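In what follows, a single structure is set out as structure tokens and then discussed.
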Amino acid sequence: MRFVLYTHSVVSDWNHGNAHFQRGIMRELIASGHHAFALEPADGWSRSNLLAEKGRFAVERFRKDFPELVPVTYDASFDHEAWIGDADVVIVHEWTDSDLVARIGRARLNGGNFTLLFHDTHHRAVSATQWISALKLEHYDGVLVFGEALRESYLRAGWGKRVFTWHEAADERLFKPSPGVDPALDLVWVGNWGDDERSAEIQEFLVEPARELGLSGTVHGVRYPAQARAALAGAGLKYQGWLANADVPKAFAQHRVTVHIPRRPYREQLAGIPTIRMFEALACGIPLISAPWPDIEGLFRPGQDFLFARDGAEMRQRLRDVLHDAGLAKTLATAGLETVLARHTCRRRVDELFDILAACGNRSAVDSTTAKEAAA
């Protein structure tokens, strides 16, 4: 089958975590014998910022890390209809320009012989409803959202014909344990500043615990203001800026523990949706301690796969426990990896995608699903 994915960027993951999952899904499709292409704007915000910060090296790095992926850039003169005309499936990400979202929908209406899905992995459906409500989704066959709470928001608002929960997941081809690496540092945090959506939480659950416990550690991410970088330095944490996602498994392996700090809109308005970093960290077999978020969908086994910390004081205690109890650290790492491999890999999400496509009437997906069930 031929898949075309409209992305904000597959080349750049600068402040763009959605690229992680899209890359993983494309890699899994290609490994399964399908064709997958990523279309992205030539002047996209994430790509432009990455090039400004790292230059052409970043693009060459992407090609080296993901040689099987085929990114195609488009501008105002691009012939979208020609590109999607022979596709079996077109998936349009929520970061796509609203006029283009409507244009692709019209192509589906005007005889497009492909299944057309809209893919939402952001909180704008609850934090900026006018943005989503203005999108023209009436000609889309379905909507993919990364959590049940977001699915319910779409259904209540009447956006889209069918809405399917399709959680993000770890690319297990990339994110896996590194048994040959001995961790030399205590704590690692991989995450962007986030437009003040978790600035207080980063202070409470990362900076202060690290400072009070005297931990060694590293922080990776972008858009940290000067005062945030100063706070990290004061806590003894080294701020090292952008890190290519392909290097994240090595970073996890070099540290003894990591933390998960969700953004406030997800914790308060979209319960049950962790960041993709949580899936990726657990896939690497590193013990994880999380700031509060309601796992109402039962994605994990809290207390077994990872530990929750209700506040900064409890985060300090949890970090102390994990760093001083090798048995606890190993038990958490083993359980978290087990759950991710069983439930939260891109391979599993591709299987779910084919079930969704079959539900939308895609004949090729129906045949593929039937053949797979027969082989099993």
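The values are calculated or read from the model by the stated rules, or taken from the named source; none is laboratory data. In this text, all values refer to a predicted model and were calculated from it rather than measured experimentally. Positions of Cβ are generated from backbone atoms using ideal geometry, with glycine treated the same way; all protein chains shown enter the neighbour counts. The area values use the complete protein model at the heavy-atom level, side chains included, leaving out ligands, DNA and RNA. Shrake-Rupley method; radii C 1.70, N 1.55, O 1.52, S 1.80 Å.
Round to a whole number: what % of the accessible area of the chain belongs to carbon and sulfur, probe 1.4 Å?
C and S fraction of accessible area: 49 percent.
Taking amide H positions as placed 1.01 Å from N in the peptide plane, with prolines and chain starts having none, which residues 5 or more places from His119, or on another chain, fall under 5 Å of its amide H?
Hits under the 5 Å cutoff: Val92, His93, Glu94, Leu144.
List, in order, the whole-Hz ³J(HN,Hα) value for each residue of the stretch 158-174 obtained from phi through the Karplus relation with A = 6.51, B = -1.76, C = 1.60 and θ = phi - 60°; use x for Gly and Pro.
Using θ = phi - 60°, the values come out as x, 8, x, 6, 10, 10, 10, 7, 9, 5, 5, 6, 8, 7, 5, 6, 9 Hz.
List every DSSP H helix in the chain whose Cα atoms extend 24 Å or more along the helix's own long axis and whose mean Kyte-Doolittle hydropathy is at least -1.0. Provide the component values of the computation, followed by the final result.
Working: long enough: 326-343 (26 Å, 0.76).
The qualifying helices are 326-343.
Among the trypsin sites (Lys or Arg not before Pro) in the stretch 14-95, which ones are in a DSSP loop with at most 16 other Cβ atoms within 10 Å of the Cβ? Mind listing them?
Passing sites in the stretch 14-95 are Arg56.
Averaged per residue, what accessible area in Å² does the chain show with a 1.4 Å probe, protein chains only?
41
Quick one: net charge of Gly85's neighbours, Cβ under 12 Å, K/R +1, D/E -1?
-2
What net charge is computed for the residues neighbouring Arg173, neighbours being all others with C-beta under 9 Å from the C-beta of Arg173, Lys and Arg scored +1, Asp and Glu -1?
Summing Lys/Arg as +1 and Asp/Glu as -1 gives 0.
Enumerate the amide H contacts of Tyr239 below 5 Å, restricted to partners 5 or more residues apart or on another chain; note that Pro and chain-start residues carry no placed amide H.
Hits under the 5 Å cutoff: Val219.
Order 117-126, 90-99 from most to least packed using the mean count of other Cβ atoms within 10 Å.
117-126, 90-99
Can you figure out the FRET efficiency of Lys238 with Gln304, using R₀ = 30 Å and their beta-carbon distance, to the nearest 0.05?
Working from the Cβ atoms, E equals 0.45.
When a/c is below 1.5 the answer is rounded, else prolate if a/b is larger than b/c, else oblate, so apply that to the chain with a ≥ b ≥ c taken from the square roots of the Cα gyration tensor eigenvalues.
prolate
In deg cm²/dmol, rounded to 500, what helix-only [θ] at 222 nm does the chain give when every DSSP H run of at least 4 residues adds -39500 (n - 2.57) and the total is split over its residues?
Numbers: 18 runs with 166 residues, N = 376.
Value at 222 nm, helices only, nearest 500: -12500 deg cm²/dmol.
Quick check: net charge around Asp325, other residues with Cβ under 12 Å of its Cβ, Lys/Arg +1 and Asp/Glu -1?
Net charge around Asp325: +3.
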